[in-house]
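Here's the structure, in C-alpha cells; my notes come after.
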Amino acid sequence: DTVLSKTEVNWRNNYALLKAYIEEHGHLPNKKRVENRGLLNWWKYNRRLLKNGKLDENRTLLITNLGNMRKVHC
C-alpha cells in the first residue's frame with residue numbers, strides 16, 4: 001500500500017472536484033462566484049506549472065484532459 005502525501009491527496013481531491021464541475025456544467029467555474037474561486041485558482045496554478053514545464057507527466061495528462069473536457073461555446 002502506497003501512502004499518499006497530504007499534498008497528493010489534496011491535488012487528487014481538487015482534480016476530482018473540478019472534473020465533476022466540468023462534467024456537470026461543461027466549463028470552468030465562474031470567477032465571479034466566490035464558492036468556486038478556489039477550484040478556478042487551482043486550475044490556473046496548475047496550468048501555469050504546465051506551461052513552465054513544472055508538472056510531472058501524470059498531472060500534465062490529467063490537466064490537459066480537463067482542458068479538453070470543456071465544451072466550446074459559440
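When only the Cβ of Lys, Arg, Asp and Glu is charged (+1, +1, -1, -1), the dipole of the chain relative to its Cα centre reaches about 520 debye.
With a 1.4 Å probe and every protein chain left in place, work out the accessible area per residue of the chain in Å², rounded to a whole number. Before the final figure, lay out each step's value.
On the way: 5710 Å² over 74 residues.
Per residue, the chain has 77 Å² of solvent-accessible surface.
Give, as ranges by residue number, the residues of segment 46-66 whose backbone N falls under 11 Å from the point 7 Å along Cα→Cβ of Asn10. Flagged as within label range: none. Measuring nothing but protein heavy atoms, the accessible surface of the chain at 1.4 Å probe radius is 50 percent carbon and sulfur. For Kirkwood radius over Cα pairs in Å, pick the label among (i) 13.1; (ii) 12.1; (iii) 14.1 that corresponds to the value derived from the coordinates. Answer by label: (i).
For segment 27-49, the residues whose amide N sits under 16 Å from a probe point set 7 Å from the Cα of Arg70 along the beta carbon direction are 27-33, 36-49. Annotation: Thr7 carries an accessible surface of approximately 100 Å², with a 1.4 Å probe and no ligand, DNA or RNA atoms counted. Principal-axis analysis of the Cα atoms of the chain puts helix 57-69 at an angle of about 10° to the longest axis.
So, in the chain, how many Lys pairs have Cα atoms under 18 Å apart, if the pair is 8 or more places apart or on different chains?
Working: Lys19/Lys31; Lys19/Lys44; Lys19/Lys71; Lys31/Lys44; Lys31/Lys71; Lys32/Lys44; Lys44/Lys54; Lys44/Lys71.
Total qualifying Lys-Lys pairs in the chain comes to 8.
In nm, what is the difference between 0.36 nm times the number of residues separating Thr60 and Glu35 and their Cα-Cα distance? List each step's numbers first, then the result.
Numbers: separation 25, 0.36 × 25 = 9.00 nm, distance 2.56 nm.
Extending this stretch completely gives an extra 6.4 nm.
Along the charge dipole of the chain, pointing to its positive end and built from +1/-1 on Cβ of Lys, Arg, Asp and Glu, which listed residue (Leu40, Leu17, Asn68) has its Cα farthest out? Positive-most Cα among the choices belongs to Leu40. When the chain is treated as a GNM with alpha-carbon contacts under 10 Å, the residue of Asn14, Asn36, Asn52 showing the greatest mean-square fluctuation is Asn52.
Highest mobility in the GNM of the chain, judged by mean-square fluctuation with C-alpha springs under 10 Å and restricted to Leu40, Leu49, Leu18, is found for Leu49. Put Val34, Val9 in order of accessible area, highest first, and with a 1.4 Å probe you get Val34, Val9.
The values are calculated or read from the model by the stated rules, or taken from the named source; none is laboratory data. None of these values were measured; they are calculated from a predicted model. Here Cβ is always computed from backbone atoms with ideal geometry, including for glycine, and neighbour counts include all displayed protein chains. Heavy atoms of the whole protein, side chains included, go into the accessibility calculation; ligands, DNA and RNA do not. Shrake-Rupley method; radii C 1.70, N 1.55, O 1.52, S 1.80 Å.
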